[in-house]
Structures are given as C-alpha cells and as structure tokens.
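Input: a single structure, listed below in structure tokens.
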Amino acid sequence: MAERPSSEERNETPLERADRNFGELLQELRVTQTGVQILFAFLLTLAFTPRFPSLDTVQRATYVTTLLLAVVAAALFTAPAALRRSLFRQGAKPTIVRVSSVLATVGMGVLMLALTGSVLLVVDVALGRAAGIASGAGTLLVCVALWGLLPGLVHRAVVSGATAPKEAPDREP
C-alpha cells in the first residue's frame, strides 16, 4: 500500500493541519459558490420572462424545485464561513473542518441536482419533454461520473501505487 504523507512529514501540528485543510476547503468552496450564485441568479430571472406564464405544471414544478435546490446549495456552501465565524477563537478548528467538509460534500450533491433540474427545464422548454429528460439524465450522469466515480478511481490508483511518483514529490516554493 502506498504511504500517505503524515502531519509529521509536513512538519505541522494538528492545529496547523486544520488551518491548512480549512484554507483548502475554502478555496474549493469559492469555486463552487460562484457557480451556484450564477445558477441562482439565472433561475431568479426566469420567473420574470415573458414566456414564464406559458410553462406547464411539470415545468413550473421543475423550476420551483430547482430554484429551492440552488438556495439549499448556496446555504450549504456558505455555512462553513458562518460556522467558523460563530466559533472563532474557541479552539474548535478541527471540528469546524470536519463539519464543513460534510457540508461541502452535501452541497455538491444538492448542486448536482440543481444543475440537473436546470438543464431539464431549459431543454424541456426549448426542445420538448423527452429531450429535457434525456439532457437532465445526461447531466446527472456526467456529474456522478466526474464528482463521484472519478475521485474513487483516482483514490484506488493512488492506494494501489499506480500513480505514485518514482522521484521526490513536488514541494511548494
């Protein structure tokens, strides 16, 4: 089995590791949060377009569900900042990192559903129900593959040593 770098190899204390992990998590959240904000803004504007009143019941239900999923995703992705702010200087950083990681993971799942619903709705309105369902299903499959299966495959390769470098690992400058 391939060895994983420990905090000793990085020469960091548990609190330094928690700080580093939280910083990395925040960087990830900045990327996803921007996408969620753009998606949410797009969804908000749809209700004020001239064509919106002509949507059928399924399209309206898809719209409302997708809008609410985008709100939940945004809340999940911003919760780590609120959690950290509320527990600032209380010695809870490792717990904040663990809880924030769960929030981000759940947020990715909710975002996956919001993206699927958005594609389903837009393609349904533009091309019809069958094309909308197919496009929504395709979006869901792509997200599951890239966000779920790919990390699992990479993890398996790393654990088996298939991708372990033979030379010294890269070091940050």
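Open to solvent by 80 Å² or more (accessible area, probe 1.4 Å) and either acidic (Asp, Glu) or modelled with pLDDT under 95 (or both): is that true of LEU127 in this structure?
The answer is no for LEU127.
Output the residue which, of all residues in segment 20-45 that are touching a helix residue (DSSP H, G or I) at 6+ places or on another chain (Cβ under 6 Å) and of a type outside the set (S, T, N, Q), is surrounded by the most Cβ atoms within 10 Å (Cβ to Cβ).
Among those that are touching a helix residue (DSSP H, G or I) at 6+ places or on another chain (Cβ under 6 Å) and of a type outside the set (S, T, N, Q), it is VAL36.
Tally time: how many residues in segment 103-123 are without any contact (Cβ under 8 Å) to a residue 12 or more places away in the chain and of a type in the set (Gly, Ala, Ser)?
Of the residues in segment 103-123, 1 are without any contact (Cβ under 8 Å) to a residue 12 or more places away in the chain and of a type in the set (Gly, Ala, Ser).
Condition first: free of Cβ contacts under 8 Å to residues at least 12 places away in the same chain, hydrophobic (A, V, I, L, M, F, W, C) and assigned to a helix (DSSP H, G or I). Can you find one or more residues in segment 79-93 that meet it?
Yes - at least one qualifying residue is present in segment 79-93.
Hey, among GLY107, GLY136, which residue is open to solvent by less than 30 Å² (accessible area, probe 1.4 Å), in a helix (DSSP H, G or I) and in contact with a Gly (Cβ under 8 Å, 6 or more places away or on another chain)?
When all the criteria are applied, what remains is GLY136.
So for segment 41-63 (the condition being among the aliphatic types (A, V, I, L, M), part of a helix (DSSP H, G or I), modelled with pLDDT under 95 and closer than 30 Å to THR13 by Cα), does at least one residue qualify?
No, that holds for no residue.
The values are calculated or read from the model by the stated rules, or taken from the named source; none is laboratory data. The structure presented is a predicted model; accordingly, all values stated were derived computationally and were not measured. Virtual Cβ from ideal backbone geometry, glycine too; neighbours counted across all protein chains shown. Just so you know, the surface numbers come from the protein's heavy atoms only, side chains and all, with ligands and any DNA or RNA stripped out. Shrake-Rupley method; radii C 1.70, N 1.55, O 1.52, S 1.80 Å.
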